[in-house]
Amino acid sequence: MSAPYNHSEVEHKWQKIWDDNKAFAATNDYSKPKYYALVEFPYPSGQGLHVGHPRPYTALDIVARKRRMQGYNVLYPMGWDAFGLPTENYAIKNKIHPRVVTENNVKRFKEQLHALGYSFDWEREVNTTDPNYYKWTQWIFLKLFNAGLAYKKEMPINWCTSCKVGLANEEVVNGVCERCGSEVVRKIKSEWMLKITEYADKLIEGLEDVDYIERVKVSQKNWIGRSEGAEVDFKLSGKEESLRVYTTRPDTLFGATYMVISPEHPYIDQFKDELKNYDEIMAYREMASKKSDFERTELAKDKTGVLLDGITAINPVNGKEIPIWISDYVLMSYGTGAIMAVPAHDDRDWEFAKKFNLPMIQVVAKEGEEVDINEAAFTDVATGVMINSDFLTGLDVTSAKEKIKDFLEEKKIGNRKVNFKLRDWVFSRQRYWGEPIPIVECEKCGFVALPESELPLELPEVDSYMPTDNGESPLAAMTDWVNTTCPCCGGPAKRETDTMPQWAGSSWYFLRYTDPDNKDALASKEALEYWMPVDWYNGGMEHTTLHLLYSRFWHKFLYDEKVVPCPEPYQKRTSHGMILGENGEKMSKSRGNVVNPDDIVREYGADTLRTYEMFIGAFDLSASWSENGVKGCRRFLDRVWKLQDILVDGDGYSSDLETLMHQTIKKVSADFESLKYNTAIAAMMSLINEFYKKGSVTRGEFGTLLTLLNPVAPHITEELWAVNGYSGYIYESTWPAYDEAKTVEDTVDIAVQLNGKTKTVLKLAKDISKDDALAAGKAALEGKISGTIIKEIYVPGRIINIVAK
RNA sequence: GCUGGUGUGGCGGAAUAGGCAGACGCGCAGGACUUAAAAUCCUGUGGUGGCGACAUCGUGCCGGUUCGACCCCGGCCACCAGCACCA
């Protein structure tokens, strides 16, 4: 009898051996084929590792370990995305320097990850808060600045009233702060911006060349929000000026019955003197400005607005004079801040027109069907045919769009135009714990970049990390640090006191892993050429529109600057589902359903936790935790352990299990590549069930099983490999091969159906002739067939179907 | 509202390519071992009917294509996720 399986002993033993051997360090042997597997580096929070973390880490650890056994030079790195608000808030509350908080949290995280036996290359660990790292974050910022892609702008920002910090649009969710859930209001501030909009088209086009799961691609496209339309000028009656609008439906121009401009539109001030109801308009503008974006959306059901009494516009295609309104359903930040309203064919305009009793003109009809525009706007583009539209009448919508665009451009009253929902990236944060922005403001020279030789610009020690109510960063109080000289003219200048957002450090970290200690560049050309792009990147869906888009933007910029060798950073992107509590709800302290991975490791072992998280269900869907499920996986590993007791000599596979062995190798190999970890494990469970049924397992069979299971449960398989005298380490062994021809049995089970219903199952030779198969099928159905046979179907290896009537 | 996804036993979930629905695991029931319990092992386990080999129904709902549909087509319903006054 073998000794009982002591997971704790086995796991500690092998973790030490792997460390001592530097078993998983990627080599700089650039002649070998490479594989770069990447998981999102964690934010080292004070809570420590969550059971959600091991799911993606184990999945790619499996891929990394398998690739090593297949002969690849594998890079599977880990690091820390350590700047950020929670650390700073904790530091403020407990009066500890954020650097110290970070150090402690990193230490804890690292121990926890270590205990899970991941094959990370710890020689290449990075930390975004390390000056040797953020030197290059700042360097990239300077590149962006020098290329004109970083600029400062007075703008209304999303201001979190609790964090006292400006937020990017992406960080505001349903009108509240993504992190703390507090109210977000608008505030005017001068902020650093990055022109991500310049890359909008490239960010969409690049998606065609990469292997991302569909919903990630779709989310990115939606977020960028490309739309094709036209800008059209409507002359103001009796004036030189025109009101320019953007529309995606220029085909409906003959149906425009009024216009709407945003409350912030500059024409309101420009034509102040002509507006008879200026006071009323200003009151409306005042009211609109007080609304947060959230309220604006909340009140969307009920349209509001005020007529501009005193000015009107002329529809350029038919010369009709139409009124102009202001309403907050038109946003200054999109298009031209003004629209032509076609209530018959736009839901929002329809609502507005109904409320204020404005006329409607139907210009699109549906072929062969009545459309009542008094019931609802008719917006279907696919089936629409133009009516009441002069030279457009009779055309389908798509052709009409093209024809009117040509017309507008020919008559010089408009032009084709592409717009995006994507806005420039608000890059300033008024906080301490972030990368300082390496810019000074000189009275004479304006904004000046620090010379590269002065990087890294380190965070100074401050007395207080408290953010201030006036919206300034804590760095602003450090006058010694703030006051400096201009690198350009030598005159007095002030340092920028805003810091970068957390997204900065994570926008390029995968590049640093390729050459983490480089002092002269963010990474050497050779290292980048060899390792990039990342072959497989897995991360959470919540990072699809933020981190993923930002890092692709930086990468594309660096590609244009010839810093990196490839236009896309990640060749393949997958996403894991969340792990929920036992009750099916999101894990949280308040719900009391949090599972601590340390407890599971202590009680059942890291291998059990890893196996369980891979077995829990489809990788991309969320799954509920189940303590019983954990026990089931532990039982499986116990049964693997006890196979030692029935181990017999024989390097090969026994003849009765040969097919199953080849099938299992094939299935596990394929499933590990396609996120189907659960069925790979199920196949291995079935295999050991067969060993037990038979009562013995050969050394050859056992060795293959251990190798297949090793990526999932590395410690127990390494121990069993060593204890039972297999040579070397299993992590250095070769991934098993299978013979396609041997995955099929000589005889196969074939279902015999009568009229499509299975009646019995026959064992037939796999290469039996059609006639013989059908004869055997009919014999098996003897006595059951009534009527005459009208059809006989035989699908080799699958089914025989006799149809009788 | 738009986009993407998912609906299969008591539960988590399987099912290459239209071909034996329910693999694997959990739970449950019965049995073995034990003074007993835990652990472990064995057997059974979609519903209904029957002692029984068997029959019959069954993959969210309605219909269609097909010798044959969880899978394809048309029309609904529910849930999840993302976006949401973007003209």
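A DSSP coil position with no more than 14 other Cβ atoms inside 10 Å describes the following GluC sites (Glu not before Pro) in region A:582-691: A:Glu582, A:Glu585. Here's how it looks for A:Gln70: its modeled amide H is under 5 Å from those of A:Trp735, which are all 5 or more places away or on a different chain. Between the amide H of A:Leu243 and those of A:Phe234, A:Lys235, A:Leu236, distances stay under 5 Å, these residues lying 5 or more places away or on another chain, with hydrogens modeled in the peptide plane. Please list, in order, the residues from region A:333-376 whose amide nitrogen is less than 15 Å from a point placed 7 Å along the Cα→Cβ vector of A:Asp396. Zone members listed by number: A:365-368.
Beyond 30 Å in Cα-Cα separation lie the following of the pairs A:Lys110/A:Lys519; A:Lys217/A:Lys366; A:Lys666/A:Lys763; A:Lys366/A:Lys417: A:Lys217/A:Lys366.
Note on chain A: Cα-Cα pairs beyond 40 Å make up 53% of the total pair count.
Couplings for region A:584-593, taken from phi via the Karplus curve 6.51 cos²θ - 1.76 cosθ + 1.60 with θ = phi - 60°, read x, 9, 4, 5, 7, 4, 5, 7, x, 10 Hz in order; Gly and Pro are left as x.
Consider all pairwise Cα distances in region A:440-491 and report the whole-number % of them above 13 Å. Here the long-distance tail beyond 13 Å is 65 percent of all Cα pairs in region A:440-491. Size descriptors for region A:41-105 (Cα atoms only): Rg and Dmax, in that order, 16.0, 51 Å. For region A:501-513, putting each phi into the Karplus relation 6.51 cos²θ - 1.76 cosθ + 1.60 with θ = phi - 60° gives couplings of x, 4, 5, 5, x, 8, 7, 8, 4, 5, 6, 5, 4 Hz, in residue order, rounded to whole numbers and with x for Gly and Pro.
With 21 Å as the limit on Cα-Cα distance, the pairs of A:Lys235/A:Lys320; A:Lys34/A:Lys202; A:Lys320/A:Lys412; A:Lys107/A:Lys572; A:Lys34/A:Lys572; A:Lys525/A:Lys562 that go past it are A:Lys34/A:Lys202; A:Lys107/A:Lys572.
Find how many whole Å separate the alpha carbon centroid of region A:89-147 from the alpha carbon centroid of region A:661-732. Each part's Cα centre sits 37 Å from the other's. Judged by the ratio a/c of the largest to the smallest principal axis of the C-alpha gyration tensor, region A:1-153 counts as oblate, that ratio being 1.5 or greater while a/b is no larger than b/c.
Backbone phi angles across region A:533-548, fed through the Karplus curve with coefficients 6.51, -1.76 and 1.60 (θ = phi - 60°), yield HN-Hα couplings of x, 4, 6, 8, 10, 10, x, x, 4, 5, 9, 5, 9, 9, 3, 5 Hz in residue order; Gly and Pro are listed as x.
Distance between the 7 Å Cα→Cβ label points at A:Ala382 and A:Glu582: 4.9 nm. Per-atom-type breakdown for region A:632-705 gives carbon and sulfur 49% of the accessible area (1.4 Å probe, protein chains only). Which GluC sites (Glu not before Pro) does region A:732-805 hold that lie in a coil by DSSP with at most 12 other beta carbons within 10 Å? Passing both the DSSP loop test and the Cβ count: A:Glu782. For A:Val51, the residues whose modelled amide H falls within less than 5 Å of its own, excluding neighbours fewer than 5 places apart on the same chain, are A:Val595. Solvent exposure of chain A amounts to 44 Å² per residue of accessible area, where only protein heavy atoms count and the probe is 1.4 Å.
The values are calculated or read from the model by the stated rules, or taken from the named source; none is laboratory data. For clarity, every value in this text was computed on a predicted model and none was experimentally measured. Cβ: placed from backbone, ideal geometry, glycine included. Neighbour counts: every protein chain shown. Quick note on the areas: whole protein, heavy atoms, side chains included, nothing else; ligands and nucleic acids left out. Shrake-Rupley method; radii C 1.70, N 1.55, O 1.52, S 1.80 Å.
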